[in-house]
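K.L.:
What follows is a structure written as structure tokens; I'll ask about it next.
The values are calculated or read from the model by the stated rules, or taken from the named source; none is laboratory data. As the structure is a prediction and not an experimental result, all values here were calculated from the model. In this analysis, Cβ positions are derived from the backbone assuming ideal geometry, glycine residues included, and neighbour counts consider all displayed protein chains.
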Amino acid sequence: MNRRSLTIARTLTAAACLASPGGALAGSAAQPGQTLGLPTGAQLPVGLYLVDTSSFGVRRALPRDSRSNVNLPTFAWSTPWQVLDARLHFFVTQPVVAASARGAPYESGLGQTLLAAQLAWDLGGDLGVSYLFGGYLPADTRFLTQSASLSHRFAASYTGNGWNLTANLLYGIFLDTRSPAGTLYPDYLNLDLTAARKFGRWQVGAVAFGSTDLPTGVAGYRPQGQVAMGGLVGYNFGPVTLQAYLTRDVVERNYGGLETRGWLRAIVPLYQDKGEVEPNRTLVTRRQGE
């Protein structure tokens, strides 16, 4: 969902590092880790939702740390319509970013707007799969990703017995391989993994994500990648659900240092079909609302 978004840590590296012979470094349009904790493979109850995911990260890079705040407000519309036996969902995300590259003064601006549609299939047995297709619109904020790109997302979720076991694979394709300033934009793969369980109103679990640039064919380009792990806790207040998770890089490639990032998400149902979900329930899967 999302998506959202920008890999600000990668973009900060692009701004702070020396360009390789093939051009400056860049990264994915979708921020790795942004869909952790969400059952992205499952059908949602018919309704309109606001899902706001905000994160603050510090990357330990010499000579000074890089810091960034990424806010990803998303409107999600779960329609009553069926396409190919799947429920049709729509998403709009408008990122807002503030960042300081290696001790430099903070810059802030709007990121690339994501427009996306998703088909979600209920396979029975609390198992769901989904396919999302969308696009990031061009943006003028120069310290962030600017070129338009396509986003394909393939997710699978098991949501039985209070569990959320989800894998979400994000594949991004840039339409322009270089920014107006010459920054190289490689295609990318991100993988977000969630294993969490509910205990009454509480939810606890483990999360992990990975990201990698795909080959560019440009001599001297240094591809970037990372693997991060962490823990998640959530609480259902009734009208609103909050989730928080903390991730830490265990492996990084060409970022200049490991990143620690804290995440906070608010899930607010603006409207829900009462025939599909109990009163005061928030963003649950369709089967959990039955």
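K.L.:
Just give me the residues in region 121-139 being at negative phi, outside any strand (DSSP E or B) and either touching a strand residue (DSSP E or B) at 6+ places or on another chain (Cβ under 6 Å) or surrounded by fewer than 17 Cβ atoms within 10 Å (Cβ to Cβ) (or both), in sequence order. Talk me through it step by step, then tell me what you get.
P.N.:
Residues of region 121-139 at negative phi: 121-123, 127-139.
This time we only want the ones that are outside any strand (DSSP E or B), so: 137-139.
Once the filter is applied, which keeps residues that are at negative phi, outside any strand (DSSP E or B) and either touching a strand residue (DSSP E or B) at 6+ places or on another chain (Cβ under 6 Å) or surrounded by fewer than 17 Cβ atoms within 10 Å (Cβ to Cβ) (or both), region 121-139 yields LEU137, PRO138.
K.L.:
Right, here's the next one. Could you tell me which numbered condition LEU170 fails, if it satisfies all but one of (1) farther than 18 Å from PRO95 by Cα; (2) of a type outside the set (Lys, Arg); (3) under 14 Å from the mean Cα position of the chain (by Cα)?
P.N.:
Only one criterion in (1) farther than 18 Å from PRO95 by Cα; (2) of a type outside the set (Lys, Arg); (3) under 14 Å from the mean Cα position of the chain (by Cα) is unmet by LEU170, namely (1).
K.L.:
Does any residue of region 52-74 turn out to be over 14 Å from the mean Cα position of the chain (by Cα), part of a loop (DSSP other than H, G, I, E, B) and buried (at least 23 other Cβ atoms within 10 Å of the Cβ)?
P.N.:
No, there is no match, as no residue in region 52-74 is over 14 Å from the mean Cα position of the chain (by Cα), part of a loop (DSSP other than H, G, I, E, B) and buried (at least 23 other Cβ atoms within 10 Å of the Cβ).
K.L.:
Quick one: which of ARG197, ARG142, ARG153 is surrounded by fewer than 17 Cβ atoms within 10 Å (Cβ to Cβ), touching a residue at least 24 places away in the same chain (Cβ under 8 Å) and closer than 25 Å to ASN69 by Cα?
P.N.:
ARG142
K.L.:
So, one more: Going through region 230-269 one residue at a time, which ones are under 12 Å from ALA206 (Cα atoms), within 16 Å of the chain's Cα centre (by Cα) and buried (at least 16 other Cβ atoms within 10 Å of the Cβ)?
P.N.:
Within region 230-269, GLY230, LEU232, TYR245, LEU246, THR247 meet the criteria.
K.L.:
Does region 113-120 contain any residue that is at pLDDT 95 or above, within 24 Å of GLU259 (Cα to Cα) and either part of a strand (DSSP E or B) or among the basic types (Lys, Arg) (or both)?
P.N.:
no
K.L.:
With respect to the numbered conditions (1) within 18 Å of the chain's Cα centre (by Cα); (2) at pLDDT 95 or above; (3) not acidic (Asp, Glu), which one is the sole condition not fulfilled by LEU144?
P.N.:
(2)
K.L.:
Further question: Please tell me if PHE174 is in contact (Cβ under 8 Å) with a residue 24 or more places away in the chain and surrounded by 17 or more Cβ atoms within 10 Å (Cβ to Cβ). Break it down stepwise before answering.
P.N.:
Values: in contact (Cβ under 8 Å) with a residue 24 or more places away in the chain: yes; surrounded by 17 or more Cβ atoms within 10 Å (Cβ to Cβ): yes.
When the stated conditions are applied, PHE174 passes them.
Residues are listed down the side, and each one gets a yes or a no for (1) free of Cβ contacts under 8 Å to residues at least 60 places away in the same chain; (2) not hydrophobic (A, V, I, L, M, F, W, C):
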residue: VAL70; (1), (2): no, no
residue: PRO73; (1), (2): yes, yes
residue: GLN82; (1), (2): yes, yes
residue: ASP85; (1), (2): yes, yes
residue: PHE90; (1), (2): yes, no
residue: VAL97; (1), (2): no, no
residue: PRO105; (1), (2): yes, yes
residue: LEU110; (1), (2): yes, no
residue: ALA117; (1), (2): yes, no
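K.L.:
Let me ask something else. Mind checking which residues of region 200-227 are of a type in the set (Val, Ile, Thr), at pLDDT 95 or above and surrounded by 14 or more Cβ atoms within 10 Å (Cβ to Cβ)?
P.N.:
Matches in region 200-227: VAL207, THR212, VAL227.
K.L.:
Out of the residues in region 209-225 that are in a strand (DSSP E or B) and touching a Gly at 6+ places or on another chain (Cβ under 7 Å), state the one that is nearest to ASP52 (Cα to Cα).
P.N.:
Filtering region 209-225 for residues that are in a strand (DSSP E or B) and touching a Gly at 6+ places or on another chain (Cβ under 7 Å), the one nearest to ASP52 (Cα to Cα) comes out as PHE209.
K.L.:
Further question: Of these, PRO105, PRO80, which one is exposed (fewer than 15 other Cβ atoms within 10 Å of the Cβ) and not in a strand (DSSP E or B)? Outline the logic, then answer.
P.N.:
Details: PRO80 fails: not in a strand (DSSP E or B).
Being exposed (fewer than 15 other Cβ atoms within 10 Å of the Cβ) and not in a strand (DSSP E or B) holds for just one of PRO105, PRO80, which is PRO105.
K.L.:
Also, I was wondering about something else. When you go through (1) without any contact (Cβ under 8 Å) to a residue 60 or more places away in the chain; (2) hydroxyl-bearing (Ser, Thr, Tyr); (3) under 26 Å from ASP126 (Cα atoms) one by one for THR212, which number turns out not to apply?
P.N.:
(3)
K.L.:
Identify the single condition in (1) modelled with pLDDT under 95; (2) closer than 19 Å to VAL227 by Cβ that PRO180 does not satisfy, given that it satisfies every other one.
P.N.:
Every listed condition holds for PRO180 apart from (2).
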